[in-house]
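Written out below as C-alpha cells is the structure these notes cover.
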Amino acid sequence: MALPGQHHWAEETVADLLLMAVHPELSYVSFNRYEEARIGADWLWWFVDSASHEAFGVLVQAKNLKKKGQRWHIDYN
C-alpha cells in the first residue's frame, strides 16, 4: 500500500515496462498468472550467442524494491 501522496506501481506494470524497453534486443517469454504460479517466474530471458547459437536461459521473478527509512529491501519469502 502506498502512503498518501505516493504512487505505487503494480509489479506487473513494472515488468511490462521493462520488457517493452528491452525488446527487440532481448528475447523473452512472458508467463501469465497461472504459469507464474506454477513455474515460479514472471518471464524467461534467453541469451543467445549469434556465432555459436549456444543459449543460456534465465527464469526471472519480478519483485518490487521498497524503502523503509534509509534501507531498501525486497519483500520476498
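The values are calculated or read from the model by the stated rules, or taken from the named source; none is laboratory data. None of these values were measured; they are calculated from a predicted model. Cβ placement follows ideal geometry from the backbone for every residue including glycine, while neighbour counts extend to all protein chains displayed. What goes into the accessible areas is simple: the full protein's heavy atoms, side chains included, and nothing from ligands, DNA or RNA. Shrake-Rupley method; radii C 1.70, N 1.55, O 1.52, S 1.80 Å.
Brief remarks on what is shown
- Largest GNM mean-square fluctuation across A21, A37, A55, computed for the chain with C-alpha springs under 10 Å, falls on A55.
- Accessible surface of S52 - all protein chains present, 1.4 Å probe, nearest 10 Å²: 60
- Summed over the residues of the chain and divided among them, the accessible surface reaches 85 Å² per residue at a probe radius of 1.4 Å.
- Summing charges over all other residues whose Cβ lies under 14 Å from the Cβ of K63, with Lys and Arg as +1 and Asp and Glu as -1, gives -3.
- Fraction of alpha-carbon pairs over 18 Å apart in the chain - percent: 53
- The chain: relative contact order as a whole-number percent, Cα under 8 Å and 6+ apart: 19
- The chain: calculated mean residue ellipticity at 222 nm from DSSP helix runs of at least 4, using -39500 (n - 2.57): -7000 deg cm²/dmol
- For chymotrypsin sites (Phe, Trp or Tyr not before Pro), the sites in the chain that DSSP calls loop and that have at most 12 other Cβ atoms within 10 Å are W9, Y76.
- For W46 and M20, a Förster radius of 22 Å and the Cβ-Cβ distance give a FRET efficiency of 0.80, rounded to the nearest 0.05.
- Scanning the chain for GluC sites (Glu not before Pro) in DSSP loops with at most 16 neighbouring Cβ atoms within 10 Å leaves 26-53 as the longest stretch between them.
- Separation of alpha-carbon centers, region 59-76 and region 14-55, rounded to whole Å: 20
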